[in-house]
């Protein structure tokens, strides 16, 4: 602790010496002093700089509103060893923070930097609670928002490293002394690269500098490999920096070359060349080995993307070498195949094998659906009907733009327990009554698309490639509503479907159920104990009953003992002694205010016994009829 305190005092005294020197040379209005809270400041090279802190606050807010001064910078070790600080707010007007400015602030866990394009020195937050929290490290790399602060170079063993997208700032000394690095790829989002950020990376030979970079600190690439190359666009800061620091600059202008014999198309930077080693391994497999060269020498990697298009059938299997010379394992990988090509984006040499996919034909006995699936794969199909509860199924009406959904099929395909790759084909033949059917596919985000299906001999036939996470959902709908009478095998042919009734107009419904109304009226006359005026009032009020009206505790509602003595079973709303589709239809009419029910009918209509009469009761009756419950 004494050593750190001495360093802190020395840094402050040294800074004051600079003030005295620069005041004579630079400007006469240099100032120094202290603001409330123990923050010492001084003007250094024309910048109002925080020099030291002697306070005990837990929160340090350096904004002009909080301290009354507009600071431009924070000096090295200004807040070092201040163990009371838990949070610091650095406003956008502060453009530079010196080395170790908050080093060993062991309780500092929250850091707010309003402008991430400021210049950061080495180890600014080293030893803080934020630095020491393993949850803040991503694969041995420490980020603060979009600022890459440090790597753990003792454990960081990457050779060809790609900095993650969105990174804006590479702090000073961030990769210092990282001996494993040979190539680094920076995303286009990077704007600032701090001083000595890649210093003493002795094996670093390749790095790209994006067009957006406007600042690179001093000695950023000191003591890197003698053959270090900076890749970038002509006329940018990267080219200027490379020239000023005597580093080879490689202009990135892309060229496209086609190997007409093999049909392979390669798009790569103009400074590179390539070769293809092709081996025909029979009808089921072809092998391609692609290497890249710079100045005639084979290279292991490059920071700029190379796009390779290899001829492949839509159903091709793609195997890629894992690039580990000790294992050389070829694993099947997913690559989207479009217009007869499998497309790869690479940064290093690679070997790929393109194989023909073998398919097998099978049948799902439960649904009668015929399938053609990739060899070695398994499938499962679940069938649902309208009204079944679920994430997708309660949105049937909303999602299908026309027709009425009759059947819903959820299909899953997998290999060795793992999901099937999205691009693989599965062929379907779904049994239907006639050609008046259409297939809809619904994605995981509820996007509805028509499937191009053809009617053949009682089946809707189509190929499908759009599996998501190895699963797909299909709605099979009838486009001719007059023919939409597909029912479950357990329901009778002469009963109107629940779907049918819901689409007819009021006049048609009244005509179709005339006999039911007469039957219901006769039953009411024979069983009712109420006076005629009360009955007329009930029949003239088709509105949905309130919750209180349907509760068994209502004094006018038949008690449980009364219901037990009744000749009618729960759900037999029309009191014909049967539970069938007519009861579900009558409930729907009642809810649509097209029909009235007496209180006994209302009690019978509450099929799920939840004290309410609603569409759930009609749905549950349907399921009972179809033996689904």
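The values are calculated or read from the model by the stated rules, or taken from the named source; none is laboratory data. No experiment lies behind these values; they were computed from the predicted model shown. Using ideal geometry, Cβ is built from the backbone for each residue, glycine included, and neighbour counts are taken over all protein chains shown.
Couple of notes before you dig in:
- Residue among 148, 142 that is touching a residue at least 12 places away in the same chain (Cβ under 8 Å), outside any loop (DSSP other than H, G, I, E, B) and touching a strand residue (DSSP E or B) at 6+ places or on another chain (Cβ under 6 Å): 148
- Residue match in region 196-204 (condition: outside the structural domain of residue 345 (by TED's automatic domain parsing), out of contact with any strand residue (DSSP E or B) (no Cβ under 8 Å at 6 or more places or on another chain), buried (at least 21 other Cβ atoms within 10 Å of the Cβ) and within 24 Å of residue 78 (Cα to Cα)): yes
Residue by residue, here is whether (1) touching a helix residue (DSSP H, G or I) at 6+ places or on another chain (Cβ under 8 Å); (2) part of a helix (DSSP H, G or I); (3) modelled with pLDDT of 80 or more holds:
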{"site": "405", "(1), (2), (3)": "yes, no, no"}
{"site": "439", "(1), (2), (3)": "no, no, yes"}
{"site": "449", "(1), (2), (3)": "no, no, yes"}
{"site": "461", "(1), (2), (3)": "no, no, yes"}
{"site": "473", "(1), (2), (3)": "no, no, yes"}
{"site": "476", "(1), (2), (3)": "no, no, yes"}
{"site": "493", "(1), (2), (3)": "no, no, no"}
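- Of all residues in region 257-308, those satisfying the criterion of being touching a residue at least 40 places away in the same chain (Cβ under 8 Å), in contact with a strand residue (DSSP E or B) (Cβ under 9 Å, 6 or more places away or on another chain), surrounded by fewer than 16 Cβ atoms within 10 Å (Cβ to Cβ) and not in a strand (DSSP E or B) are 262, 263, 281, 284.
- Tally of residues being without any contact (Cβ under 8 Å) to a residue 40 or more places away in the chain and in a loop (DSSP other than H, G, I, E, B) across region 163-183: 12
- Count - residues of region 184-215 that are assigned to a strand (DSSP E or B) and under 25 Å from residue 300 (Cβ atoms): 6
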